[in-house]
Structures are given as C-alpha cells and as structure tokens.
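Inspection log for the structure reproduced underneath, given as structure tokens.
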Amino acid sequence: MEISLKDGSKIVYDSPISIAEIAKNLSEGLYRIAAAAKVDGELVDLSTIVDKDCSLEIVTVKDKDGLQVLRHTCSHVLAQAVKNIFPTSKLAIGPTIDNGFYYDIEFKTPITQDDLIKIENEMKAIIKSDLPIERLVYSKKDALKIVKDFCEPYKVELINDLPAGAVISFYKQGDFMDLCRGPHLPSTGKIKAFKLTSITGAYWRGNEKNKMLTRIYGTAFDKKSDLDEYIEKLEQAKLRDHNKLGRDLGIFMTEEVIGQGLPILMPKGAKILQILSRFVEDEEEKRGFMITRTPYMAKNDLYRISGHWDHYRDKMFIIGDENSPEAMALRPMTCPFQYQIYKNGLKSYRDLPCRYSETATEFRNEASGEMHGLIRIRQFTLSDGHIICTPEQVESEFKRCLDLSYYFLDCLGMKDDVSFRFSKRGKNKDKYIDNDKAWNETEALMKKILDDIGLTYVEAEDEAAFYGPKLDVQSKNVYGKEDTLITIQLDFAAAHSFEMTYVDENGEKQYPFVIHRSSIGCYERTLANLIEKYGGAFPFWICPEQVRVMSLTERTSDYAKELVLKLKAAGLRAEADVRNEKIGYKIREAQMEKIPYMFIVGDKEKESETVSVRSRKNGDLGVKSLDEIIAELVEEDKSKRV
RNA sequence: GCUACUGUGGCUCAGUCGGUAGAGCAGCUGAUUCGUAAUCAGCAGGUCGGCGGUUCAAGUCCGCCCAGUAGCUCCA
C-alpha cells in the first residue's frame, strides 16, 4: 500500500503497520513529539493500524490539534486521579475547551482547594508512571455492561443516547478506563506541564433542572515554559479587568445600599458616556434616524401586546401587584414605545423607512448570580432603535445598520476585536413565537443578507430573540468570556401584534417589517470593553480629562489656571494641578490616571507664552507654543483617531 | 437562581491557639517653591460587610442575610 505524506512524498509498505511505527521510521524526533495522526483528514490514535492506501499526517504536540489531544488526555488523567482519591465519585464528561479542559464530576461531599492540590499530585504520579493508553471498542450492549459495572450512571445515560449500531470506544490507562471517542496520546508521560485552575459548579447536560456537578478546570501544555507563559498572560489580563480598573480609575462604583447590578457612573464614567452618546446621536441623525424620548414604564397591557408579558415577565421589574390590571412595569426595551409613535397617524409607503433611535435606559431583573461589573447590570443605557420599513427595504436598511455599527466600532478601535453570530431559533419552540413559516422565511432572508455582504459569521441555534433571528456582534472580556455587544434583529411579528400598517401604492393596507437594532451597543458594556481594551488609557477623543496643566511652583499657578480656561474654550477637557507638590509627583499621578497630555508650566513657559508638553505614551515632547499645541489637540480630538 | 470561594480605615494588605485592632499608600496640618513617574515631619482615620447565636471573652467559632469573584444557567 502507498501512504502519501503531507510534504508530498510517498512511502510504500507491504503489510499493515501502526502509525506509531511509521512515525518512528520517519524520524525519532518526530516520534517523540507525536500526539496523534490524521488519516485521510480524520484525527486518529497513533496506535491505528494502516492497511490501505491513504494520506497521512503526523500530528504533534506542537500542533493545535495535537495540543487538544494532549489536553483531552490530561482530562482523563484528572478523572483517573479523582477516582483514585475519591472512589465514590461519578464521572460525567471531560472535554477540551479553548484554553484547556475540564471534567464534570459528582462528588459525595464538596471538594476544596486543598483537594485540588492532592489531585494534582496524584496526576503527577500518573504522568510520571507513563501509563500506556489503549483504545478498546465494544458494542452498545457490552459498553453498557462495562459502565454499569463501574457504577457510572452518567456514562450509562451517555451510551443510552448513542444509536443502536454505534461502535463505542473506551480508553484504558493502567486500571482506569473511560468512555471516549478519542484520539488520545499513546501514553500519559507525554503530558509535560499542566495545572488545575479552578473548581466551579455546572449543571449536568447544561440544564438547570438537572443536578449540579463539580467542574474542575485545568490546562496543559507540552512544555513548562508554555504553561508559565499562559499563566503570566492571565495575570496580565487581570490587570485590565474593567471591574477592578474601572473602580480604581474612578469611572464607576457600586454601593451595597443601592443594590446589585446598579453601578454608579462617577464623573469620569458619566463623561465618557456623554461623549459617546452625543457622538452616536449626532451620527444617527446624519444617517436618517429620528431621536425619541419615551417613558421608562408602562401598563402591563403594552407588554401583553408585545409578547414580553408571556415570554419575558420574570426579567421585568413589576410595579404593584402583577396580577392586578393596573400593574405597571419598568421597560426592559423600547420597542413597543417607539411603535406607538409609528401608529400615531396613518402611514404611507412614502413615509417608510421610519427610523427611530433613542439613548434608552432600560431595566432587566437579571438573576442575582449574573451580574458582573458594567457588563451585566440591571439598569443600563442602550443605543436602541427601530426601523419600520417595507419588505423590499429590509435588505438595504439592515446593511445600513451594520455599516453604522461598524463605523462606531472603527472609531473605538474595536472592529478587529469582534466576531459575528447569526442567532437562530432552537428546538425548544416554547421560547419563540409560534409561526414556522415566518421563522423559516426570516431566517432565510437574514442569511441571504449576511452572505451577500460577505460577512464571516458563525450560526448559533437557540440564540434568537423570541420574535425573530438576530445578527449579534460578539466581544470577549479579559477572561475570554464572550458577550453580545451589538445586535441587529429582524422582527416579523411586531407589525401584526401591534397593528402597525402602511398604505401601499395601490391604496392597500400592508404590514411593514421591523428591524430592532443597537448601533454602539449598551453604553455601560461598551465602556467595560473600552476599559479592558485600552487598560484605561482611552483614545484621546474619549478621555474624560484630555490635558492636565501642572504648575511648577506657586508663581505659575495663575498661568496654569488661565491655560485650562483657554483649552476649555477650544472644546478640550482640561484640569489644573496647582498643588504645592514636586513636578515628579504630579506627573506620576497624571500618568497613573492615564491622562494623555500633561502641560508643565514654569517661569520660562509663563514668560514665553509656551507650554512644556508631556504625553502619557512618549514622555517629554519639549516646549511648544500654546496656539500650536491647542490646534494640534483640537485636530486630534475631531479626528476620532484611536 | 445554582456550585464554590471572598469580605479588616478611601486603597493594598498583616492580625498566631478565641484574650482591648496594625502597617504602607491616600487624607489633613506644618515645613519645603522644587524642571518630567513618589520631599520631609506630625496628626487623624476602624461597630473588622450586616444581624443573631455559642462563650467569662468573638475580627477569629456557628447560623441567616447582604455584597463581590469564578463558573453554570440566562442574556444587551
């Protein structure tokens, strides 16, 4: 048989041979780092016997796929160690994830941080003894018997869900055996560096009605230095955590007496939100939106029409007895309010599209465990808006929405940090408005639009709004957790439920389409992203304080104050520091507050009407004339450069 | 909401076996008037997240609650 390798070369063998042998023949070095192999593109164990013509690629621990295999094997080592120390524990699942792996396990009693160290030590012993890993294949019936003998109820459930004729593989290392599709490393000794990172809870099969298991997270690498580098990177990321940095920089705070999920934006944070929202409102107006101001609350009747009362009530703050006809609720969104504006007066096809936007404060009663810094809160301000248009206009309006959001992301320097998710309806139809035809048509329409634009996106089941599919712009926080930053949604139902219509060219009544959209997202969440992206050192145009003028001695404090007035008159945000402190001390404070420019004024500058300019990034820039530097900064502010 | 962990001056942290709370920075006062990341000295600041319990005695042990963190579930 003939085996073609990745580099184009071919080798010929007369009789069946294991991939491990082939690797060994190719090179000892390759054999040492081999983790698995790809046969005709399919990832398999090194122990696989090749007996016919095929293409072969040896996957090493240096490859992305190989690292995944290594981590997967490490999760088995974790499971083995746990079973050794806690024989009564029950194993659920142990997959790899982006940065490592986890294993979900049911323990008789909760385990502690100390247990984690014990488990790590046991894992080290298993790795050190370099147990060979063997793949075993069974029929469904035999597989069930094995896991029943092992008293592993979760594995029984997993196998029961597999089709009747399925070939079921197990992997055995020493006296430990686990149900697994594989592939795995040839032996445990190939894991060179690992660390168990945290213990958390996780529901069996991701369903909150199921039992909560203990999830042990870990990560593994093929060298110690890679692990150290990873840990160092995590430490660095933590320094940018908006929830810490945002508080340290005086951007926001929370107060126990106010309540969970209700952050206070302090002057700096409020200023940033004002800068962003003014920019957004002005740009939206340029692009044909009409700004609205609608009530923060409404009678329950409004939410009954919109469907929120049925689909969203547990997330709403209800005022008064929810069973009373008088019950009011704080708005969790602005849509039904803006619809009333549309309904005020007859609409002609000539009036469409109607584009309404609002810097909208909204209220959602998130579960207590969901709150996080500025990213998940109970009162937030969304750059909300709704476009009511004819079916023919949907495509161009949708594209305009995306274009606007993309423009804002560009101005924030974030366009390369986001990914796109096409969020569709899932199998659990209770969560969605019941209209298969409309769902299918709308999802197909959105897909067409996205493909037309040539957008790179992932499709996600069961992530749609209850009234239609969404395009979500996703961003990750410093810990790698993904959240939706911006969303553009198609709604086929609202026009019908709210009786929104327009009169077409033939004088006939028609139902329009509704696009729900955010342009820059929720301001608090966007601010959180900005803090983390820039580590608090915001682009010049966003900085709440752009320039700090520092007097060198008391003799120049009046000059410093005068400069601040001039800067403010030029539309720049500036403050004076005329305290009786050494200049190094004032500079140090301004640097730590991440203020982009410092003007240092002593007797020389006062005399010559100049300033000594220092940038937070490049240090001392030398002496400049006042007019020159003000003109430069005004230009930088206007440019919205990042 | 669920699982685990955390909570000591504004911030960062110490506080041993249960025996009257301690430091640095920040703050205030005074001195210093200084050229690009911390001048010196003094003073003041705490119901140890809250409530209850055990005890002669609780920051420390127990229970409940509040808030925060990671993850799950949910979601902008």
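Coordinate-derived values only; no laboratory data. Predicted model, so just to flag it, every value in this text is computed and none were measured. When we count neighbours, we look across all protein chains shown, and the Cβ atoms used for this are built from the backbone with ideal geometry, even at glycine.
Report the local net charge at A:SER615: Lys and Arg +1, Asp and Glu -1, summed over other residues whose C-beta lies under 13 Å from its C-beta.
Working: positive: A:ARG548, A:LYS594, A:ARG614, A:ARG616, A:LYS617, A:LYS624; negative: A:ASP620, A:GLU632, A:GLU636.
Summing Lys and Arg as +1 and Asp and Glu as -1 gives +3.
Relative to the longest principal axis of the Cα atoms of chain A, helix A:224-239 runs at roughly 30 degrees. Pairs over the 32 Å Cα-Cα cut-off, from the set A:LYS429/A:LYS509; A:LYS140/A:LYS211; A:LYS38/A:LYS124; A:LYS399/A:LYS568: A:LYS399/A:LYS568.
Listed highest first by mean packing, meaning other Cβ atoms within 10 Å per residue, what order do A:99-110, A:351-362, A:47-58 come in?
Working: A:99-110: 18.1, A:351-362: 20.3, A:47-58: 16.0.
Output ranking for A:99-110, A:351-362, A:47-58: A:351-362, A:99-110, A:47-58.
Which ordering of A:GLU397, A:GLU635 is given by a fewest-first count of other beta-carbon atoms within 10 Å?
Working: A:GLU397 23, A:GLU635 10.
Ranked by crowding around the Cβ, least crowded first: A:GLU635, A:GLU397.
Over chain A, what is the relative contact order in whole percent, taking alpha-carbon pairs under 8 Å and six or more residues apart? If you can, show how the numbers build up before the last one.
Working: 1179 pairs, mean separation 57.5, N = 642.
9 percent.
Within straight-line reach of A:LYS415, meaning a Cα separation under 17 Å, sit the following aspartates and glutamates at least 8 residues removed in sequence or on another chain: A:ASP403, A:ASP472, A:GLU482, A:ASP483, A:GLU532. Distances between every pair of Cα atoms in the range A:472-517, grouped in 5 Å steps from 0 to the bin holding the largest one, split as 5, 19, 16, 14, 11, 10, 8, 7, 5, 3, 2, 0 percent.
May I ask which of A:LYS566/A:LYS594; A:LYS566/A:LYS638; A:LYS448/A:LYS470; A:LYS10/A:LYS52 have a Cα-Cα span longer than 20 Å here? It would help to have the intermediate numbers written out before the result.
On the way: A:LYS566/A:LYS594 22 Å; A:LYS566/A:LYS638 17 Å; A:LYS448/A:LYS470 13 Å; A:LYS10/A:LYS52 13 Å.
From A:LYS566/A:LYS594; A:LYS566/A:LYS638; A:LYS448/A:LYS470; A:LYS10/A:LYS52, over 20 Å: A:LYS566/A:LYS594.
The phi-based Karplus calculation (6.51 cos²θ - 1.76 cosθ + 1.60; θ = phi - 60°) puts the 3J(HN,Hα) values of the range A:435-451 at 6, 3, 4, 4, 4, 4, 5, 5, 5, 5, 5, 5, 4, 4, 4, 4, 5 Hz, whole numbers, x for Gly and Pro. Each listed q (0.09, 0.14 Å⁻¹) maps to a log10 I(q)/I(0) for the range A:8-129, found by the Debye formula over equal Cα scatterers with no solvent: -0.35, -0.71.
Working note: 222 nm ellipticity from helices only, DSSP H runs with n ≥ 4, each -39,500 (n - 2.57), summed and divided by the residues of chain A, gives -11000 deg cm²/dmol to the nearest 500.
Working from the pairwise distances between different alpha carbons, so that the mean of 1/r is found and then inverted, what is the range A:426-578's Kirkwood radius in Å? Hydrodynamic radius (Kirkwood, Cα pairs) of the range A:426-578 is 20.2 Å. Straight-line reach from A:LYS145: taking Cα to Cα under 20 Å and skipping same-chain neighbours fewer than 8 places apart, the aspartates and glutamates in range are A:GLU134, A:GLU157, A:ASP161, A:ASP175, A:ASP178. Summary of packing: across the peptides A:326-339, A:9-22, the per-residue average of other C-beta atoms within 10 Å ranks them, highest first, as A:326-339, A:9-22.
Kirkwood-type hydrodynamic radius, the range A:362-438: 16.3 Å, calculated from all non-identical alpha-carbon pairs. Hey, which of these cross-link pairs are over 24 Å Cα-Cα: A:LYS128/A:LYS148; A:LYS315/A:LYS481; A:LYS195/A:LYS238; A:LYS617/A:LYS640; A:LYS62/A:LYS83; A:LYS64/A:LYS155? Long pairs (Cα-Cα over 24 Å): A:LYS128/A:LYS148; A:LYS62/A:LYS83; A:LYS64/A:LYS155. Note that the range A:198-209 has calculated 3J(HN,Hα) couplings of 6, 10, 9, x, 7, 6, 4, 6, x, 10, 5, 7 Hz, one per residue in order, obtained from phi through the Karplus relation 6.51 cos²θ - 1.76 cosθ + 1.60 (θ = phi - 60°); glycine and proline are x.
Short to long, the 10 Å bins of the Cα pair-distance histogram for the range A:1-67 hold 23, 61, 16, 0 percent of all pairs. Sorting A:81-94, A:451-464 by average packing, meaning the other beta carbons within 10 Å per residue, from highest down gives A:81-94, A:451-464.
Kirkwood hydrodynamic radius for chain A: how many Å is it when counted over pairs of different Cα atoms? Before the final figure, lay out the partial values.
Working: mean 1/r = 0.0341 Å⁻¹.
Across chain A, the inverse of the average 1/r is 29.3 Å.
Hey, what did the range A:343-480 get for relative contact order, percent, Cα under 8 Å, at least 6 apart?
Details: 149 pairs, mean separation 33.6, N = 138.
Here the relative contact order equals 24 percent.
Annotation for the range A:78-118 versus the range A:452-530: alpha-carbon center distance of 40 Å.
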